[in-house]
Amino acid sequence: MVDKADNTRKVRSSALKVNKGIEQPSSLNDRAADSFRIRKRPVLKPEDYVKGIVAGDRVMLSRAITLIESSLSSHYALGQKVIEQCIPHSGKSLRVGITGVPGAGKSTFIEAMGQYLIGRGHKIAVLAVDPSSEVTKGSILGDKTRMEKLSVDENAFIRPSPSAGSLGGVARKTREIIILCEAAGYDVVFVETVGVGQSEVAVHSMVDFFLLLMLAGAGDELQGIKRGIIEMCDAMVINKADGDNRNKALSARSQYANALHLFPPPPTGWTPEVTTCSSIEKTGIGHVWEIIRKFEQMMKEKGHFAEKRIRQQRYRLYETINQSLKDHFYNDPVIVKELEKAEEDMASQKMTSFQAATHLLDTYFGRYEMPDPPSADTT
């Protein structure tokens, strides 16, 4: 029989033993955690945002814009208070919309124009709308990488925003963001569209001057003319008029200028001008700005400038009402269930799309039945 004491001595004398080792540090970096707790942003009041914005604090302006773009109801209420207090400080900028087909050089043009204006004492804000993916719902938001020099200038503010499925790729909150930028002292605001479809209509409803960028040498230039866009634009610029493409740009300018004479003159009396420029060589940029300023002066002298902004406010009123009604309809809990059932009925050929829509609308209005309006007094 083996003695237990002998076994104990053998274990102690064996080389196979577990050493205590070195004490491992904690996986939590206490210093970093303390730093994070110190830097944790306090809850701000509307007055705090407005004070920072009016003082020209770009960080505070960015935080306010993030608040405006948030979908949280608490953020919406706070954001509206910020906008309300910023309105008295807004309205003093020149709002310029930039549109054009992808590849026309919109971002490069805006950077060249921005540097030109900053050199003349202006402060520039660029609201660049990036298209959101219909699959992932994400956006690249890469306009700051395309405007490297302008993005680091203290007199420029660039804010890329996701389109988030809004009409034509124009962010729904862009109009409110313009107010914040104006309150921060930016006297020229550029709104860059994604250049796809109906975004031009939305941008035209929020800017003073609408600029259309075109390319030469991409086939029949006259094929690029769309009546709706041409009737909206206040000037047309043939970009990339440099190198071997310069002569093509001049030829395209003549064709577009001749084509514009086929359209009836606008009620304002302004005839859209056509010119060329090179954003890379920085040529023609000053002439484009002269056209914009000439337009502004003429519109203000005739009273069209203020009238247009009033029309834009009216457009925004109806657009906000329509969007609110749409959101209320689709967020109604009963409609959510009925909509799912209606889709199944359509798939099984039990109901047409028109019948399904009629049923859903009847259900919705039945839940919020309003009293009949009072009859007219015939006495």
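The values are calculated or read from the model by the stated rules, or taken from the named source; none is laboratory data. What you see is a predicted model; the values in this text were computed from it and never measured. When we count neighbours, we look across all protein chains shown, and the Cβ atoms used for this are built from the backbone with ideal geometry, even at glycine.
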Exercise for the section: Please list, ordered by first then second residue, the pairs with beta carbon atoms under 6 Å, 6 or more apart or interchain, first in the stretch 251-275 and at pLDDT below 85, second in a loop (DSSP other than H, G, I, E, B) and of a type in the set (Val, Ile, Thr). Expected result: Ala259/Ile225
Practice task
All but one of (1) in a loop (DSSP other than H, G, I, E, B); (2) among the β-branched types (Val, Ile, Thr); (3) within 23 Å of Gly114 (Cβ to Cβ) hold for Thr271, so report the exception by its number.
Solution key: (3)
Exercise for the section: Output yes when any residue across the stretch 261-273 is farther than 30 Å from Ser93 by Cα and not hydrophobic (A, V, I, L, M, F, W, C), and no when none is. Expected result: yes
Problem - Among (1) at pLDDT below 85; (2) exposed (fewer than 15 other Cβ atoms within 10 Å of the Cβ) - the single one Ile230 does not satisfy - result: (2)
Problem - Single condition Tyr315 does not satisfy, out of (1) modelled with pLDDT of 90 or more; (2) surrounded by 11 or more Cβ atoms within 10 Å (Cβ to Cβ) - result: (1)
Practice task
Check the stretch 132-150 and report whether any residue there is hydrophobic (A, V, I, L, M, F, W, C), modelled with pLDDT of 65 or more, over 19 Å from Ile53 (Cβ atoms) and surrounded by 18 or more Cβ atoms within 10 Å (Cβ to Cβ).
Solution key: yes
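Got at least one residue in the stretch 106-122 being farther than 14 Å from Phe190 by Cα, of a type in the set (S, T, N, Q), surrounded by fewer than 18 Cβ atoms within 10 Å (Cβ to Cβ) and modelled with pLDDT under 95?
No: zero hits.
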Exercise for the section: From (1) touching a strand residue (DSSP E or B) at 6+ places or on another chain (Cβ under 8 Å); (2) at pLDDT below 90, pick out the condition that doesn't hold for Ser74. Expected result: (1)
Handout entry: The one condition in (1) in contact (Cβ under 8 Å) with a residue 24 or more places away in the chain; (2) assigned to a helix (DSSP H, G or I) that Pro88 fails to fulfil
Key = (1)
Exercise for the section: Please verify whether the stretch 282-290 includes one or more residues that are farther than 22 Å from Gln115 by Cβ and part of a loop (DSSP other than H, G, I, E, B). Expected result: no
Exercise for the section: Kindly provide the set of residues from the stretch 37-96 that are farther than 28 Å from Ser151 by Cβ and of a type in the set (Gly, Ala, Ser), ordered by number. Expected result: Ser73, Ser74, Ala77
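Let's see how each residue does on (1) of a type outside the set (Val, Ile, Thr); (2) at pLDDT 95 or above; (3) more than 30 Å from Ala202 (Cα to Cα):
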| residue | (1), (2), (3) |
| --- | --- |
| Thr320 | no, no, no |
| Phe329 | yes, no, no |
| Lys350 | yes, no, yes |
| Thr363 | no, no, yes |
| Gly366 | yes, no, yes |
| Pro373 | yes, no, yes |
| Asp377 | yes, no, yes |
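Of the residues Lys294, Lys350, Lys341, which single one is surrounded by 11 or more Cβ atoms within 10 Å (Cβ to Cβ), assigned to a loop (DSSP other than H, G, I, E, B) and either assigned by TED's automatic domain parsing to the domain that holds Ser205 or more than 25 Å from the chain's Cα centre (by Cα) (or both)?
Sole residue among the options that is surrounded by 11 or more Cβ atoms within 10 Å (Cβ to Cβ), assigned to a loop (DSSP other than H, G, I, E, B) and either assigned by TED's automatic domain parsing to the domain that holds Ser205 or more than 25 Å from the chain's Cα centre (by Cα) (or both): Lys350.
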